[in-house]
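One structure is given below, encoded as structure tokens.
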Amino acid sequence: MNDNFLLFNTLNYNVKFINELKYQVHDNPTKYALKTAKEVESVFIQILLKNMRSTLLKDSLLDNNQSRLYTDIYDQQLSQEISKKGIGLTDIILNQIQPKKNIMS
């Protein structure tokens, strides 16, 4: 139950952060679109890492609140580093958030 609560808090924070970026993109799409797409990709990778770690066994001496906190921080940093190079989501996200141009034939 505690892990679900931590995941909920992480997701809640990430959703608030992405919503702030969404409003920035709405106000100035050319300036913030790429930043928003990279951040969304980073959040996706972080959630992916967290879910992958949740499948590991937790019966060890090092499994405590402090180690989980440092693991969460490590996953956040790792997700930011992975998203710098990208896994291909940035372009897809950019296509979704950038305004569509009307093509007249």
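The values are calculated or read from the model by the stated rules, or taken from the named source; none is laboratory data. Every value quoted in this text rests on a predicted model; they were computed, and no experiment measured them. Quick reminder, even Gly has a Cβ in these numbers, built from the backbone with ideal geometry, and neighbours come from all protein chains shown. Surface accessibility is based on the protein's heavy atoms, side chains included, excluding ligands, DNA and RNA. Shrake-Rupley method; radii C 1.70, N 1.55, O 1.52, S 1.80 Å.
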Give me the pairs: first residue in region 17-34 and closer than 12 Å to L94 by Cα and modelled with pLDDT of 75 or more, second residue open to solvent by 100 Å² or more (accessible area, probe 1.4 Å) and in a helix (DSSP H, G or I), beta-carbon distance under 8 Å, and six or more apart or on different chains, which are they? none
Selection within region 68-101 - among the small types (G, A, S) and either modelled with pLDDT under 85 or outside any helix (DSSP H, G or I) (or both): S83, G86, G88
Which count do you get for residues in region 52-67 that are part of a helix (DSSP H, G or I), without any contact (Cβ under 8 Å) to a residue 12 or more places away in the chain and open to solvent by 50 Å² or more (accessible area, probe 1.4 Å)? 3
Filter result (of a type in the set (A, V, I, L, M, F, W, C) and open to solvent by 90 Å² or more (accessible area, probe 1.4 Å)) within region 68-86: L69
